[in-house]
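The structure appears below as structure tokens.
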Amino acid sequence: MRFALALLPILALAACNGGTKAGGTGGNTSAAVQSSAPVASVAAPAGKQWTDVIEKTKDGGFRQGNPNAPIKLVEYGSRMCPFCAQFDATGVEPLRQNYIKTGKVSYEYRDFLIHGPPDMSLALLNQCVPTESFFAMLDQIYAGQEEFEKKIMALQQTNPQVLEQLQQMSPPQAAAGFAQALGMIDFMKQRGLPEAQAKACLADQKKIEEIAKVYADGANVYNVNSTPSFFINGQKTEADTWAKLEPLLQQAGAR
């Protein structure tokens, strides 16, 4: 399901799959990830594991792991994309346990809002929690994705005019409206985020503009045209699943 996102320049042929990745219409052909010698593990700060080290980056993403890791993995993802949810369910845990915890790999998540206002709502709510809780909440949002999709389908069948009205609203109004209509505010309340705080985050125009810029940079600077899209040390890859991504991390030296 896709929705126009009026506040953002819409990326032509954006897709929630790997079918139009680099090399497809509108993207650059990806070169192979450079083969490197194995890199050494790096000890985490005293009393911590690298998975505990979470920071917001200058590019507007959220990074987990050693900020100076020799292998830097970046994902452009959409919280309403089932392929992204599949990666979160199957790949994130082995990524953390086998690669991030060693200090060899850092993992940065950046928003690519191909599903429009619902993606914006979830991005704003995800960034409403403390930075150290960002990835834990991201995992829970992906786990709840099917619940949001069912509510969209129910609205389409029983009250499609509500969806049409929401899409005509200003960005803050649309974000708040979708969050309310799809049960996102209640979802966050059940996970400890007060309703008043959630609503304030949904109305945060500065945050909306920051997330919109991450999306626009993904499209216009990094030629992202589908989710999930993965970059290793700045190189766009063809991987769209953990089974395809892990060998590329190993090739880059994480072995």
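Mind counting the residues in segment 172-190 that are assigned to a helix (DSSP H, G or I) and either small (Gly, Ala, Ser) or open to solvent by 10 Å² or more (accessible area, probe 1.4 Å) (or both)?
Of the residues in that region, 11 qualify.
Would you confirm whether or not segment 122-139 contains a residue that is at pLDDT below 95, over 19 Å from Ala239 (Cα atoms), under 18 Å from the mean Cα position of the chain (by Cα) and surrounded by 20 or more Cβ atoms within 10 Å (Cβ to Cβ)?
No, that holds for no residue.
Just to be sure I understand the filter: pairs with C-beta atoms under 6 Å, separated by 6 or more residues or on different chains, first member in segment 152-171 and touching a residue at least 40 places away in the same chain (Cβ under 8 Å) and loosely packed, with under 13 Cβ neighbours inside 10 Å, second member in a loop (DSSP other than H, G, I, E, B) and among the acidic types (Asp, Glu). Which pairs pass?
Sorted first by the residue in segment 152-171, then by its partner, the list stays empty.
Cβ-Cβ distance below 9 Å, separation of 6 or more or different chains: which pairs start in segment 45-65 with a residue that is within 21 Å of Tyr215 (Cα to Cα) and end on one that is assigned to a loop (DSSP other than H, G, I, E, B) and of a type in the set (Val, Ile, Thr)?
Within 9 Å, the pairs are Arg63/Val53; Arg63/Thr57; Gln64/Val53.
Mind checking which residues of segment 198-209 are open to solvent by 70 Å² or more (accessible area, probe 1.4 Å) and more than 19 Å from Leu113 (Cα to Cα)?
Hit for segment 198-209 is Lys199, nothing else.
Return yes when Ala212 is surrounded by 15 or more Cβ atoms within 10 Å (Cβ to Cβ), under 19 Å from the mean Cα position of the chain (by Cα) and over 20 Å from Gln145 (Cβ atoms) and no when it is not.
Yes: the conditions hold for Ala212.
Looking only at segment 217-247, which residues are within 14 Å of Gln34 (Cα to Cα) and open to solvent by less than 30 Å² (accessible area, probe 1.4 Å)?
Matches in segment 217-247: Phe231, Ile232, Lys236, Thr237, Leu245.
Can you confirm whether Glu195 is within 25 Å of Asp59 (Cβ to Cβ), without any contact (Cβ under 8 Å) to a residue 24 or more places away in the chain and open to solvent by 10 Å² or more (accessible area, probe 1.4 Å)?
When the stated conditions are applied, Glu195 does not pass them.
Could you list, in sequence order, all residues of segment 160-171 that are of a type outside the set (Asp, Glu) and assigned to a helix (DSSP H, G or I)?
Pro160, Gln161, Val162, Leu163, Gln165, Leu166, Gln167, Pro171
Among the residues of segment 86-104, count how many are among the hydroxyl-bearing types (Ser, Thr, Tyr) and over 17 Å from Ile54 (Cα atoms).
1
So which residues in segment 37-71 are open to solvent by less than 50 Å² (accessible area, probe 1.4 Å) and hydrophobic (A, V, I, L, M, F, W, C), if there are any at all?
Within segment 37-71, Val39, Ala44, Trp50, Val53, Ile54, Phe62, Ala69, Ile71 meet the criteria.
Among the residues of segment 97-116, write down those that are out of contact with any strand residue (DSSP E or B) (no Cβ under 6 Å at 6 or more places or on another chain) and either closer than 9 Å to Ser78 by Cα or open to solvent by 10 Å² or more (accessible area, probe 1.4 Å) (or both).
Answer for segment 97-116, where residues must be out of contact with any strand residue (DSSP E or B) (no Cβ under 6 Å at 6 or more places or on another chain) and either closer than 9 Å to Ser78 by Cα or open to solvent by 10 Å² or more (accessible area, probe 1.4 Å) (or both): Gln97, Asn98, Lys101, Thr102, Asp111, Leu113, Ile114, His115.
The values are calculated or read from the model by the stated rules, or taken from the named source; none is laboratory data. Treat the numbers as computed from the prediction; the structure is a model and nothing was measured. Cβ atoms come from the backbone with ideal geometry, glycine included; neighbour counts cover every protein chain shown. Accessible surface areas use protein heavy atoms only, side chains included; no ligands, DNA or RNA. Shrake-Rupley method; radii C 1.70, N 1.55, O 1.52, S 1.80 Å.
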